[in-house]
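Have a look at the structure below, then the notes.
A short reminder: the numbers here are calculations on the coordinates, not readings from a lab. For clarity, every value in this text was computed on a predicted model and none was experimentally measured. Quick reminder, even Gly has a Cβ in these numbers, built from the backbone with ideal geometry, and neighbours come from all protein chains shown.
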Amino acid sequence: MSTNSSPTESNGFTAAERAAMKQRAAELRAEGKTGTKKADELQTVLDAIDKMSPEDRSLAERLHATLTAIAPQLSPKTWYGMPAYTNAAGKVVVCFKNSGKFNTRYSTIEFQDAANLDDGDLWPTAFALRDWNPAVERTIVELVTNAVS
């Protein structure tokens, strides 16, 4: 899953990545009503990420880049003001809760009922996230791949 542009650093989006996302939002708006809604939801997510502290923002940006690369079928939107990603039925599969929102010492990645992570009678649905590195990225890729399967 690694390429030269793989988000393994925790230093946020580059200017080129930001420009590409804005261009994609414009393309979605041009598609009409459904495209406009998706573009507006994407922009709302990007705006929510921009408002975060630098540490939370870099984690949210890396998560956003990873999710959009490995699960393009998920649509970004905000959920209670947090970046979230929904399935085709509009159900939230995964969201990012930044540490600044609730003044906690770590951010979390949380999977909701629509995620396919069931494993017997007990399984984790939330994961603390303090840093982005290749091992974290691999774990998130695996979790999200399972969640959308």
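What percent do you get for the relative contact order of the range 15-147 when only Cα pairs under 8 Å and 6+ apart count?
Normalised by residue count, the contact order of the range 15-147 is 17 percent.
Need one number for the range 93-149: average projected area of the convex hull over its C-alpha atoms, nm².
Answer in nm², one decimal: 4.3.
Per-residue counts of other Cβ atoms within 10 Å, averaged by peptide: what ranking do you get for 114-124, 133-143, highest first?
Ranking the peptides 114-124, 133-143 by packing returns 133-143, 114-124.
Using 7 Å Cα-to-Cβ label points, what is the residue 91/residue 69 separation (nm, one decimal)?
2.8 nm
Using amide H atoms built in the peptide plane, which far-off residues or other-chain residues are under 5 Å from residue 107 H to H?
Excluding prolines and chain starts, which carry no amide H, the hits are 99, 129.
Which cross-chain or sequence-distant (5 or more) residues have an amide H under 5 Å from the amide H of residue 86, H modelled 1.01 Å from N in plane?
75, 77, 93
Show me the ranking of peptides 39-51, 59-71 by mean Cβ neighbours inside 10 Å, starting with the highest. Write down the numbers at each step before the final one.
Values: 39-51: 17.3, 59-71: 21.2.
Ranked from most to least packed, the peptides come out as 59-71, 39-51.
Would you please name the chymotrypsin sites (Phe, Trp or Tyr not before Pro) within the range 51-149 that are DSSP coil residues with at most 15 other C-beta atoms within 10 Å of their C-beta?
In loop regions of the range 51-149 (DSSP not H, G, I, E or B), the sparsely surrounded chymotrypsin sites (Phe, Trp or Tyr not before Pro) are 80, 106.
Treat each spin label as a single point 7 Å out from the Cα along the C-beta direction, and report the residue 130 to residue 47 distance in nm.
Roughly 3.4 nm, to one decimal.
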